[in-house]
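Each remark here refers to the structure printed beneath this line.
The values are calculated or read from the model by the stated rules, or taken from the named source; none is laboratory data. Everything numeric here is computed off the predicted structure, so don't read it as measured data. Please note: Cβ atoms are built from the backbone with ideal geometry, for glycine as well, and neighbour counts cover all protein chains shown.
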Amino acid sequence: MTRCFAGWRHAASSVIGTSHLRNGTECQDFHAVNVASAASGAEVVIAAAADGAGSAKRSLNGARQACHTFFECAQLAVAQLGQALDFLHDGFARDTLEDVRARITELANESDEPLSAYACTMLGAIVADDAAFFLQIGDGAIVYRMRDDDAAVWRLALSPQRGEFANETIFVTRGDAAQRISVARVAGPIAEFALMTDGIEHLAVKMATGEPHARFFEHVFAGLRAAQETGTAVAHEAWLEAFLGSQQVCARTDDDKTMVLCSRQSAA
């Protein structure tokens, strides 16, 4: 039987890595997620995650600004143009990235720091009833599950972007970032999706094949699916923060870790 879906539930957390704790540095990840109203009144969920470059002095500021700017651009477009997402194309992605770089450039000018001091990656998602739009600059991962898929079928939206050398990636502050952005459009209703920075990426995705670990996502989504409320699932958000900071996770990664989880509530 085909299930019907109602409102969105979401939970998200950014947790400092043990290497940052040892070095006395702050968490350089940031995220944003909420449900916006389209011109038609329908719900559209918008989510973003960003990972500040570890070597960049003000990368948390860059990551925060990247998420806020993406969210503002997406929310404005959805409110004006509706939930069909026809406006979401490569041009929208490039324009949004230019806005991100412009806002971060303002921060750099105000602080008298070079633009590279604000270097960060960025993941973004805009998901309506029957269409979705994902974009990515840098590493990290976006995965999703379609409404009619088996619960174990998870898909990778975009391939993480790697640089020329090991442990190198692409940042929004690069001059050619607008030409390097990756975009995916998905037709049909999505039941669940997740954004994650590279601190958790290799635990959730088989790096050799790009295939998501279904058991991992079944684990992290279980509590969210059980949540009764729409909007922020407070209890599961607390669970997610504890999970990302747990010994079982920190034993496998010492980096900052961000996950944004979104699940559409089943009405039947």
If only one of ASP129, ASP112, ASP99 is charged (D, E, K, R) and under 21 Å from ILE170 (Cα atoms), which one is it?
-> ASP99
Check whether at least one residue in region 150-157 is under 16 Å from the mean Cα position of the chain (by Cα) and not in a loop (DSSP other than H, G, I, E, B), and report yes or no.
-> yes
Among the numbered conditions (1) at pLDDT 90 or above; (2) within 17 Å of the chain's Cα centre (by Cα); (3) of a type in the set (Val, Ile, Thr), tell me where THR169 comes up short.
-> (1)
With respect to the numbered conditions (1) farther than 19 Å from GLY54 by Cβ; (2) touching a Ser or Thr at 6+ places or on another chain (Cβ under 8 Å); (3) among the small types (Gly, Ala, Ser), which one is the sole condition not fulfilled by GLY199?
-> (1)
All positions within region 227-265 that are in contact with a helix residue (DSSP H, G or I) (Cβ under 8 Å, 6 or more places away or on another chain) and of a type in the set (Gly, Ala, Ser) = ALA227, ALA233, ALA235, SER263
Please find, within region 19-68, the residue that is nearest to the chain's Cα centre (by Cα) out of those that are of a type in the set (S, T, N, Q), more than 22 Å from LEU261 (Cβ to Cβ) and modelled with pLDDT of 90 or more.
-> GLN65
